[in-house]
Amino acid sequence: MTLDNLAAGEYENAHFCYGIHFLLEGDCKFTSAEGQATVGIKSGYYNLVQWPNILGTVNFKGTECVSVEVFFTRDFIKDLLGSEHDSVFRHFLESSGKHPQCLWNNGQPIP
């Protein structure tokens, strides 16, 4: 048995935040309620996501889904990184929109 179409749920983010998402097993895909934005992370990968106030659905695929997710504010990450971050990361931190944005297009492999 797989989780395809069995593990789906509503997702609502009431406040702007960042999340780092590690998918250890299974795949995860968020789709906004209006269908205009998607965020997908595959098994064995991670990504940093900028989450606006948004409503949508999360679907999981695979025989199991094991993930670690940490959410934090813009101020927290700025304090954590200080002035050591590069211009690409700075642009990511300063931008905000009405759809989720990922730092990397395809995620990064978990070492």
GLY44 long-range amide H proximity, modeled H, under 5 Å: LEU23, LEU24, GLU25
Only Lys, Arg (+1) and Asp, Glu (-1) charged, at Cβ; the range 1-80 dipole about Cα centre in debye: 200 debye
Mean residue ellipticity (222 nm) of the chain, computed from DSSP H runs ≥ 4 via -39,500 (n - 2.57), nearest 500: -4000 deg cm²/dmol
Whole-percent carbon and sulfur share, accessible surface of the chain, 1.4 Å: 52 percent
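For the chain, what does the accessible surface come to per residue with a 1.4 Å probe? Please give it in Å². Don't skip to the end; give the middle numbers.
On the way: 7030 Å² over 111 residues.
Heavy-atom accessible area per residue stands at 63 Å².
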Options (i) 25, 17, 11; (ii) 22, 15, 13; (iii) 22, 18, 12 - which one matches semi-axes √(5λ) of the Cα gyration tensor in Å as calculated here: (i)
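The values are calculated or read from the model by the stated rules, or taken from the named source; none is laboratory data. Since the model is a prediction, treat every value here as computed from it, not as a measurement. Methodologically, a virtual Cβ is constructed for each residue, glycine included, from the backbone with ideal geometry; neighbour enumeration extends over all protein chains shown. For the accessible areas, the whole protein counts, side chains as well, though only heavy atoms, and no ligand, DNA or RNA atoms are used. Shrake-Rupley method; radii C 1.70, N 1.55, O 1.52, S 1.80 Å.
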